[in-house]
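The next block holds one structure in the form of structure tokens; read it before the comments.
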Amino acid sequence: MPGSAISAFDLALPTLDTAGLERPEVLAAIREARSEHWLARTPIGFMLTDYRDAVAVLRDRKFHSALSLLPEMAGLEPDKYMQNRRRSILAMEGDEHARLRRLVAPAFTPTATDRLRPFMREVVSALVDEVVGQGRCEFVADICEPYPIPIICELLGAPKEDWKLFSEWATDIFRIFNQDLAADLPAIERASGQLEAYVLSMVEQRRSHPSDDLLSSLIAIEEAGDRLSSEELVMLAEAVLMAGTDTTRNQLACSVALLSEHPDQWALLADRPELAPRAVEETMRYLGAVRGTVRVASVDIEYRDVLFPAGTIVSIALAGANMDPEVFASPDTFDITAERDAVQMTFGSGIHFCMGAALARAELQEALPLLARRMPDLGRDGPVEWKPSTFGIWGPARLPLRFRPPAP
Ligand code: HEM
């Protein structure tokens with residue numbers, strides 16, 4: 001009966017505070033909370049950990065992205081920059097968001113991103129060339145850090161001499177996720193302004209001389225007389241740079257850290273590169289670099305007889321959903337040959353489902369078998385240092401590896 005739902009705030013619920021916990025502890029805490037109730041209380045609101053609940057809430061358009069709340073959470077007055085940030089596709093909702101996704105989607109299909117696969121192989125090969133003779137590397141600094149920027153630049157159509165600039169801008173713009181937004185704001189605004197000027201001049205250039213890059217296809221897109229404005233093109237370039245860099249780096253590091261614990265599966269991947277798509281999905285399921293996302297109820301919402309009053313913050317544990325035994329048989333077994341019944345959740349779900357998923361999948365599918373072939377007998381060359389445990393993007397800070405170098 002509508003209106004009979006009990007407010008989430010009035011329910012007796014298990015408490016989940018995953019901050020600072022290591023991954024096995026997070027999963028154990030989630031399992032324990034799940035045995036009591038499908039909903040858990042957190043320091044900022046509530047958390048969902050089941051696959052089906054995660055999908056349902058992420059697909060419910062009344063639950064909005066909580067990204068736009070970052071400045072308020074940091075106690076900042078909204079200013080011009082933060083107003084721009086609110087208009088980022090990641091923080092947009094409703095018709096405005098749907099229009100953008102519709103216009104932009106054709107540029108991000110698997111077919112559109114597949115043309116970059118040879119370039120991806122070239123980039124990874126060149127990075128491996130640098131370390132392969134030594135038989136050891138620090139995988140994060142040597143391979144993961146430098147990998148995604150050339151791909152994003154190639155995608156956008158920026159030349160090699162500007163890779164370093166993009167890398168610096170990405171680093172500074174990423175400071176938005178550090179815990180000190182007030183102190184970081186000048187660097188974030190400077191980088192954002194420089195990227196904006198750069199992309200605007202690229203847009204001008206592509207309008208008169210179209211090429212086969214993303215920016216040219218976005219400029220050319222027209223649907224029923226509707227086109228993307230220069231401001232929207234800049235915002236999309238920034239979104240791609242931000243959303244497509246650190247995610248890919250951390251996922252590659254997570255995937256290889258995991259495979260380095262399973263030498264038999266690493267060897268199998270070298271022998272059977274056609275397993276790459278499954279290896280990517282299984283490593284992303286078992287050890288995803290994005291462990292959760294956050295939504296805010298835009299109005300009073302009833303879900304499973306529980307009322308989430310407008311303004312309630314709901315976290316979605318993607319890592320929990322990926323280990324849901326109701327959906328994944330033997331979720332604790334890591335197996336790159338397994339055919340799973342459901343899609344892993346590390347790319348999210350619903351209207352904000354990762355726009356770059358095809359690109360990210362291609363990047364990982366090209367990198368993993370190539371690395372497995374060129375770095376045989378992989379093992380750890382020291383302990384893995386993990387980044388501080390956060391709900392957002394996460395992975396190894398250092399991953400020392402050793403492997404068999406090629407015969408002289
Ligand atoms: C393994 C790498 C990646 C992972 C794990 C990942 C994960 C995610 C997740 C979980 C979301 C949804 C966030 C939410 O619902 O709150 C998302 C959104 C997004 N991702 Fe990715 N991503 C990856 C790579 C990329 C790449 C390479 C690009 C760019 C080409 C990209 C572009 C985007 C964009 C633009 C959005 C926002 C979509 C929207 O709000 O409509 N991502 N990503």
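Picking from D332, D341, which residue would you name as being more than 11 Å from the ligand (Cβ to nearest atom), closer than 25 Å to L16 by Cα and out of contact with any helix residue (DSSP H, G or I) (no Cβ under 8 Å at 6 or more places or on another chain)?
Going through D332, D341 in turn, just one is more than 11 Å from the ligand (Cβ to nearest atom), closer than 25 Å to L16 by Cα and out of contact with any helix residue (DSSP H, G or I) (no Cβ under 8 Å at 6 or more places or on another chain): D332.
Consider A105 carefully, then state whether it is at pLDDT 85 or above, within 16 Å of the ligand (Cβ to nearest atom), out of contact with any Ser or Thr (no Cβ under 9 Å at 6 or more places or on another chain) and among the small types (G, A, S).
Yes; evaluated as a whole, the condition is true for this residue.
Across segment 302-334, what is the total count of residues that are under 19 Å from A91 (Cβ atoms) and of a type in the set (A, V, I, L, M, F, W, C)?
Residues that pass the stated criteria total 5.
List, please: which pairs have Cβ atoms under 6 Å, are six or more places apart or on different chains, and start with a residue in segment 345-356 that is farther than 13 Å from I393 by Cα and within 6 Å of the ligand (Cβ to nearest atom) and end with one that is modelled with pLDDT of 95 or more and part of a loop (DSSP other than H, G, I, E, B)?
Close Cβ pairs satisfying both conditions: C354/F347; C354/G348.
Take segment 154-165 and flag every residue that is part of a helix (DSSP H, G or I) and more than 18 Å from the chain's Cα centre (by Cα).
Selection gives E154, L156, K160, E161, D162, W163, K164, L165.
Against the condition of a type outside the set (A, V, I, L, M, F, W, C) and within 16 Å of the ligand (Cβ to nearest atom), how does R115 come out, does it pass?
yes
Just give me the residues in segment 105-124 being surrounded by 15 or more Cβ atoms within 10 Å (Cβ to Cβ) and either more than 13 Å from A360 (Cα to Cα) or not polar (S, T, N, Q) (or both), in sequence order.
Matches in segment 105-124: A107, F108, A112, L116, M120, V123, V124.
Looking at segment 30-60, which of the residues that are out of contact with any helix residue (DSSP H, G or I) (no Cβ under 9 Å at 6 or more places or on another chain) and assigned to a loop (DSSP other than H, G, I, E, B) is farthest from V294 (Cα to Cα)?
Within segment 30-60, the match that is farthest from V294 (Cα to Cα) is H37.
The values are calculated or read from the model by the stated rules, or taken from the named source; none is laboratory data. What you see is a predicted model; the values in this text were computed from it and never measured. Counting neighbours? That spans all protein chains shown, and the Cβs are built from the backbone with ideal geometry, glycine included.
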